[in-house]
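Single-structure report; data block below.
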Amino acid sequence: MTLPPPPACNVELATSALTAFLREETRKVGFQKAVLGLSGGIDSALVVELAARALGGENVLAVAMPYRTSNPISLELAQESAQHAAVQFEVVDISAMADAHIATSPGLAEDDSDAARLRKGNIMARCRMIVLYDRSARDHALVYGTSNKTELMLGYGTIFGDMASALNPIGDLYKSQIVALSKHLGVPKAIVDRPPSADLWQGQTDEEELGFSYDEVDAFLHHSIDRRYTREELLQLGFTETAVNSLSRRVQINQYKRRPPVIAKLANRTVNLDYRYARDWGS
């Protein structure tokens, strides 16, 4: 049985809506500039294109933050992305800061197990966010996020690492929609065609880790989350029991990454439970 296609993207509407979102939400909180991490991947390349259109390239700082084992192609593509968007560009090598923390855990540096790789990857992601928020303070620039909807739903990211930001323009776009919008905005072809990877170790790819193609995952999430199909309806569409069980479980167990910290309620007006005024309240 042929699976349904991933969701489409109205690229003209998305471009208009997302550039307006970035411009208005950035200025609403008193900022004129933005900073974001540029990895050489398609997600950050798309965000930098949107940011440049929203604020002007001179008001956007893109920071590449390689680790000593990072693929050098990632830095080359990040530079190409920044040049294409005509934004400010900075390179910060995070090797020393990441290694300093890794060295505090005996044996971690030499450990090449999957669990150790994950720990090291999380350390690197959080080091990168330290750099971005330091640049934010230095330049009075708002931190933009680069996590897409597929990653957010599956928890495929580091909490308080690459998932941290003040504004995220692409968090409601699935990976397949990211590709469509990136092509529309002229993101360099080498970036669009590159297999998505967190670049945690040589040869690592997102789809290999997930066990499914992004098109299959996006189609599942679109029907499960956006269209609210039941388990039975998803199986009738052609998704296997393995896919339905595995992906549904990942969405469920990673809910904690998509919400603010849960605060124990003791008073009448508890933060994020009762005290949740609109963002522009008082303006």
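Since every read-out is calculated from the coordinates, none of them should be taken as a lab result. Keep in mind that what you see is a predicted model, and the values were worked out from it rather than measured. Positions of Cβ are generated from backbone atoms using ideal geometry, with glycine treated the same way; all protein chains shown enter the neighbour counts.
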How many angstrom lie between the Cα centre of the range 84-145 and the Cα centre of the range 1-71? 19
Report the dimensions of the range 212-283 along its three principal axes from the alpha-carbon atoms, largest first, rounded to Å. 48, 28, 21
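Looking at the square roots a ≥ b ≥ c of the eigenvalues of the Cα gyration tensor of the range 82-177, which shape do they give, rounded for a/c under 1.5, prolate if a/b is larger than b/c, or oblate?
On the way: a/c = 2.23, a/b = 1.32, b/c = 1.68.
Because a/c hits 1.5 or more and a/b fails to exceed b/c, the range 82-177 counts as oblate.
Using the number of other C-beta atoms within 10 angstrom as an exposure proxy, rank HIS222, HIS101, HIS84 with the fewest first. All intermediate terms of the calculation are to be shown ahead of the outcome.
Values: HIS222 21, HIS101 14, HIS84 17.
Fewest-to-most Cβ neighbours within 10 Å comes out as HIS101, HIS84, HIS222.
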Rounded to the nearest 0.05, what FRET efficiency do LEU266 and ALA109 give with R0 = 45 Å and r taken as the Cβ-Cβ distance? Could you check? 0.55
As an exercise, identify the GluC sites (Glu not before Pro) in the range 76-165 lying in DSSP coil whose Cβ has no more than 16 other Cβ atoms within 10 Å. GLU110
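Might you report the magnitude of the Cβ-based charge dipole of the range 11-258 about its Cα centre, with Lys and Arg at +1 and Asp and Glu at -1, to the nearest 20 debye? Before the final figure, lay out each step's value.
Numbers: 25 positive and 33 negative charges, 162 e Å.
It comes to approximately 780 debye.
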Inter-site label distance for ILE102 and GLU208 at 7 Å from Cα along Cβ, in nm: 1.9
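Give a quick list of trypsin sites (Lys or Arg not before Pro) in the range 215-255 that DSSP marks as loop, anything other than H, G, I, E or B, with at most 15 other Cβ atoms within 10 Å.
Values: sites: ARG227, ARG228, ARG231, ARG249, ARG250; in loops: ARG227, ARG228.
Sparse-neighbourhood loop trypsin sites (Lys or Arg not before Pro): ARG227, ARG228.
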Apply the Karplus curve 6.51 cos²θ - 1.76 cosθ + 1.60, θ = phi - 60°, to the phi angles in the range 98-111 and return the couplings in whole Hz, x for Gly and Pro. 5, 5, 4, 6, 4, 5, 6, 10, x, x, 5, 4, 8, 6
Under the rule of -39500 (n - 2.57) per DSSP H run of 4 or more residues, summed and divided by the residues of the chain, what mean residue ellipticity at 222 nm is obtained, to the nearest 500 deg cm²/dmol? -14500 deg cm²/dmol
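Exposure proxy check: THR270, THR104 ranked by fewest other beta carbons within 10 Å? Don't skip to the answer; put the middle values down first.
Working: THR270 13, THR104 7.
Placing the least packed residue first, the sequence is THR104, THR270.
Calculated FRET efficiency, ARG231 and ILE159, Cβ-Cβ r, R0 30 Å, to nearest 0.05?
Efficiency, from the Cβ-Cβ distance: 0.60.
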Between ARG249 and ALA20, what is 0.36 nm times their sequence separation minus the Cα-Cα distance? Round to one decimal in nm. 78.9 nm
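Counting other beta carbons within 10 Å of each residue's own, what order do LYS28, LYS183, LYS149 fall into, fewest first? Mind showing how you got there, number by number?
On the way: LYS28 11, LYS183 15, LYS149 22.
Ordered from fewest to most neighbouring Cβ atoms within 10 Å, LYS28, LYS183, LYS149 come out as LYS28, LYS183, LYS149.
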Using 1/(1 + (r/R0)^6) with R0 = 22 angstrom and r between the beta carbons of LEU13 and LYS183, what's the FRET efficiency to the nearest 0.05? 0.90
Report Rg (one decimal) and Dmax (nearest whole number) for the range 11-258, counting Cα atoms only, units Å. 18.2, 54
